[in-house]
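Beneath this line is the structure, given in structure tokens, with notes to follow.
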Amino acid sequence: MSRPASPVWAVALWAVLTLPWPSTAPERADGTARRDGGGAQCGEYTNQVSEDGTCRLAATLPQLDDQRCPDMFRCSDEVSYWLHQNEERKQQMAALKETVSELQEELRNHRHRIKVLELQHEDGSLCNATLERRLHEMEARYVEAAGLLHLQATLILNLQNQVHNLSQSLEHAKKSPGCLINTVRPNPLMSTQQASHPELHHMRNCPVDCAAIYYNGARRSGVYTVVPSFAGVPVEVYCNMDTDGGGWTVIQRRADGSVSFDRSWREYGAGFGDLHSEFWLGNRHIHDLSGRGDYSLRIDLEDWSNKRKHALYQHFSVEDEEHRYRLHVSGFSGSARDSFGWYHDKRGFSTPDSGDICAEISHGGWWYGQCFYANLNGIYYGGGHYTPKGRGHLGPDGIVWHSWRDSDYYSLRKVAMMIRPRTFRNRLSP
């Protein structure tokens, strides 16, 4: 049914029920109509315009059990129903739009959070790589620091030992009023006038070696008294004040074969021989001297053709008897080739009566290995070349410096071993 031009559907539908229904419904002059259907009255309705300009429909419905309502009323109900449904659908659509909008907003938020998490993951990966690199750097620095710490600990220990030694020296010096040092026995090679006027020196502190005697003004080679041990026991030593600036304390000399070096452990510990010719200063005294500081060792060598060479070792020390006077020697230089330091370093001392086969074969006391490349305390052979045949010897036993002739069967003519502080600086005589 088509919609009328007047806004009759926009107004409320009023239904006025009047009982009993009139028997006839003639058409009235005000525009109302009476409708008949099948010989029965169906009711009447009127169209009226209200004061506010809206149309008003008034209808009177009969109370009939077997008659249907006019199409107009049925359509009005359907229109109202569909209008109501349409309004509900509009509200549902609006609610759906709002829900979709909220879901879209939530989706955008989720995408933003995912992007943030991805960026955080990338930053975390970069941070982990940076942390791993820094960890490797720290590990490398730790290893380096540990090495430096170990080195510093060693240096500190050495300094503590030196401070301890200096403290003991100072304590001993405080208790001692001083020393009167003299050449106790003149050298037989001196003139009669020199021998009758030995050097006399009063020193505030007792000298520990020939370098200290040199610093106190003595400049002539000879036999002097020093106090190398902390116990304050004086020892006579031969001081070489001529070689390489002087200040050398001689610990061994071979010159003419006048002294036998085939000695016992006790004799090598205490020392033996003549300080003016051939002697061994003594392992105990050598330990006391070298244990007071950093000493150098010089070995002068001379063969039977008057050819001279020397070997210099920057570091030299000998441990105590409990450690079998173990040798420490290093830092070689000189005009001779090295036959001592490279092989005999860190060897213990042995003598023929100590049970060492090399000492028995070599007939002397030395820092033997298996057996030697240098043997400066061996048998003195005149002429240089020697052979053990016919004497019942088991091997070489001369005064040997192997690299001199690349042989163990050439015995040197003269040998001297002497030590002085590595920091020694010679001064001009006053």
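The values are calculated or read from the model by the stated rules, or taken from the named source; none is laboratory data. Owing to the predicted nature of the structure, the values given are computational and were not obtained by experimental measurement. FYI the Cβ positions are ideal-geometry reconstructions off the backbone, even for glycines, and counts take in every protein chain you see. For the accessible areas, the whole protein counts, side chains as well, though only heavy atoms, and no ligand, DNA or RNA atoms are used. Shrake-Rupley method; radii C 1.70, N 1.55, O 1.52, S 1.80 Å.
Would you check which residues across region 256-280 are over 17 Å from PHE349 (Cβ atoms), open to solvent by 30 Å² or more (accessible area, probe 1.4 Å) and in contact (Cβ under 8 Å) with a residue 24 or more places away in the chain and list them?
ASP256, GLY257, HIS276
Considering only region 332-339, I want to know if a residue exists there that is small (Gly, Ala, Ser), in contact (Cβ under 8 Å) with a residue 40 or more places away in the chain and crowded, with 17+ Cβ neighbours inside 10 Å.
Scanning region 332-339, I find at least one residue that is small (Gly, Ala, Ser), in contact (Cβ under 8 Å) with a residue 40 or more places away in the chain and crowded, with 17+ Cβ neighbours inside 10 Å, so the answer is yes.
Confirm whether LEU135 is open to solvent by 100 Å² or more (accessible area, probe 1.4 Å) and under 29 Å from the mean Cα position of the chain (by Cα). Write out each step before concluding.
Numbers: open to solvent by 100 Å² or more (accessible area, probe 1.4 Å): no; under 29 Å from the mean Cα position of the chain (by Cα): yes.
The answer is no for LEU135.
Within region 356-370, how many residues turn out to be buried (at least 22 other Cβ atoms within 10 Å of the Cβ), among the hydrophobic types (A, V, I, L, M, F, W, C) and under 15 Å from ASP262 (Cβ atoms)?
2
Can you tell me which residue in region 241-255 is nearest to LYS414 (Cα to Cα), limited to those that are more than 47 Å from the chain's Cα centre (by Cα) and open to solvent by 10 Å² or more (accessible area, probe 1.4 Å)? Working first, answer last.
Here is the first cut: in region 241-255, the residues more than 47 Å from the chain's Cα centre (by Cα) are 241-242, 253-255.
Okay, now just the ones that are also open to solvent by 10 Å² or more (accessible area, probe 1.4 Å), so 241-242, 253, 255.
Working: MET241: 18, ASP242: 17, ARG253: 8, ALA255: 5 Å.
So the residue we want is ALA255.
Could we say that ASP397 is open to solvent by 40 Å² or more (accessible area, probe 1.4 Å) and not basic (Lys, Arg) here? Break it down into steps so the answer makes sense when it comes.
On the way: open to solvent by 40 Å² or more (accessible area, probe 1.4 Å): no; not basic (Lys, Arg): yes.
Judged against the criteria, ASP397 is not a match.
For every residue, the table says whether it meets (1) at negative phi; (2) modelled with pLDDT of 50 or more; (3) open to solvent by less than 80 Å² (accessible area, probe 1.4 Å).
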position	(1), (2), (3)
VAL184	yes, no, yes
SER191	yes, no, yes
SER196	yes, no, yes
HIS201	yes, no, yes
VAL208	yes, yes, yes
ILE213	yes, yes, yes
GLY217	no, yes, yes
GLY232	no, yes, yes
VAL237	yes, yes, yes
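Search region 293-331 for residues being polar (S, T, N, Q) and touching a helix residue (DSSP H, G or I) at 6+ places or on another chain (Cβ under 8 Å), and hand back the single one that is surrounded by the fewest Cβ atoms within 10 Å (Cβ to Cβ).
SER330
Could you please tell me which pairs satisfy a Cβ distance under 8 Å, a separation of 6+ or placement on different chains, a first residue in region 140-163 that is within 30 Å of GLY291 (Cβ to Cβ), and a second residue that is outside any helix (DSSP H, G or I) and not β-branched (Val, Ile, Thr)?
Pairs found: GLN162/GLY293.
Let me spell it out: the conditions are (1) in a strand (DSSP E or B); (2) touching a Ser or Thr at 6+ places or on another chain (Cβ under 7 Å); (3) not charged (D, E, K, R), and SER403 meets all of them except one. Which number is the exception?
(1)
Which of the residues spanning region 273-292 are under 22 Å from ARG324 (Cβ atoms) and not in a strand (DSSP E or B)?
LEU281, GLY282, ASN283, ARG284, HIS285, ILE286, HIS287, ASP288, LEU289, SER290, GLY291, ARG292
Would you confirm whether any residue within region 385-393 is open to solvent by less than 70 Å² (accessible area, probe 1.4 Å), under 20 Å from VAL415 (Cβ atoms) and not in a loop (DSSP other than H, G, I, E, B)?
The answer is no, given that none of the residues of region 385-393 is open to solvent by less than 70 Å² (accessible area, probe 1.4 Å), under 20 Å from VAL415 (Cβ atoms) and not in a loop (DSSP other than H, G, I, E, B).
Kindly establish whether ASP353 is crowded, with 22+ Cβ neighbours inside 10 Å, of a type in the set (Asp, Glu) and either in contact (Cβ under 8 Å) with a residue 24 or more places away in the chain or closer than 20 Å to ARG254 by Cα (or both). Lay out the reasoning, then the answer.
Numbers: crowded, with 22+ Cβ neighbours inside 10 Å: no; of a type in the set (Asp, Glu): yes; either in contact (Cβ under 8 Å) with a residue 24 or more places away in the chain or closer than 20 Å to ARG254 by Cα (or both): yes.
It is false that ASP353 is crowded, with 22+ Cβ neighbours inside 10 Å, of a type in the set (Asp, Glu) and either in contact (Cβ under 8 Å) with a residue 24 or more places away in the chain or closer than 20 Å to ARG254 by Cα (or both).
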